[in-house]
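The values are calculated or read from the model by the stated rules, or taken from the named source; none is laboratory data. Predicted model only: the values in this text are computed from it and were never measured. Methodologically, a virtual Cβ is constructed for each residue, glycine included, from the backbone with ideal geometry; neighbour enumeration extends over all protein chains shown. Heavy atoms of the whole protein, side chains included, go into the accessibility calculation; ligands, DNA and RNA do not. Shrake-Rupley method; radii C 1.70, N 1.55, O 1.52, S 1.80 Å.
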Amino acid sequence: LRKRNIPAYDLCCHCGRDETTEHAFLTCQYVAESWRELKKRCGLKKLLKPFVSPRQWIFDVLAGCTDREATIFVIFLWHIWEARNAVRNGEREVHPHCLVEKILAYVDMVLLHMYDPVVPNRCDSVKPKLWDPPSEGWVMVNVDAAIFQKANRMGLGIVVRDHTVEVLAACRQCIDMITDPELAEAIAVR
């Protein structure tokens, strides 16, 4: 950021050491503990490569990954950066093991929708009912909302499908200053 004349901190917000790209994604004690926990929980063996440059490091890691490992790696990087920015913006630091839980939830969701079904992290005793498509000539509109109390906002998502289960339209939106679940659901349906 400093190279682009954007004010930036010199010290890591997690450990107070000089912050470089390598430090932010590999050597910071907070990040290193997150990597250890992730490797332990996912059974990853040798995912990390020696750090040459940020770009080369990412290419080298992804070149030797399976699709699953690449997904985990990219989601991990994104969440490490998000956790760093949250602390920089005054939010409380999340324990590395909690961060890994969040990462694994995202990984499960991505893998569920992109690759093979994954075993959920929790026990589901009841199998969910499969989606029933609408009658021919009709469309089904699925709407959901979520509340993010700390951020003081809501998110909503809408999917419109026809009788062949083809997605005709989809959208998502974040709205600030809404934290009431009933109001969020009503706004999503609107």
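Accessible surface comparison of R84, R153, probe 1.4 Å, protein chains only, largest first: the order is R153, R84. Using the Karplus relation 6.51 cos²θ - 1.76 cosθ + 1.60 with θ = phi - 60°, the per-residue 3J(HN,Hα) values for the range 56-65 come to 5, 4, 5, 4, 5, 5, 5, 5, x, 9 Hz, with x marking Gly and Pro. What the Cβ-Cβ distance of V52 and R88 gives, at R0 = 22 Å and to the nearest 0.05, is a FRET efficiency of 0.25. Between L77 and A105, the modelled labels are 2.4 nm apart [label points 7 Å from Cα along Cα→Cβ]. Oblate is the label for the range 22-80. Its Cα gyration tensor axes, ordered a ≥ b ≥ c, give a/c of at least 1.5 and b/c at or above a/b.
Remark on C12: its backbone amide H falls under 5 Å from those of R17, D18, E19, a criterion applied only to residues 5 or more positions apart or on other chains, H modelled at 1.01 Å from N.
Each Lys and Arg Cβ is given +1 and each Asp and Glu Cβ -1; about its Cα centre, the range 7-80 then shows a dipole of about 420 debye.
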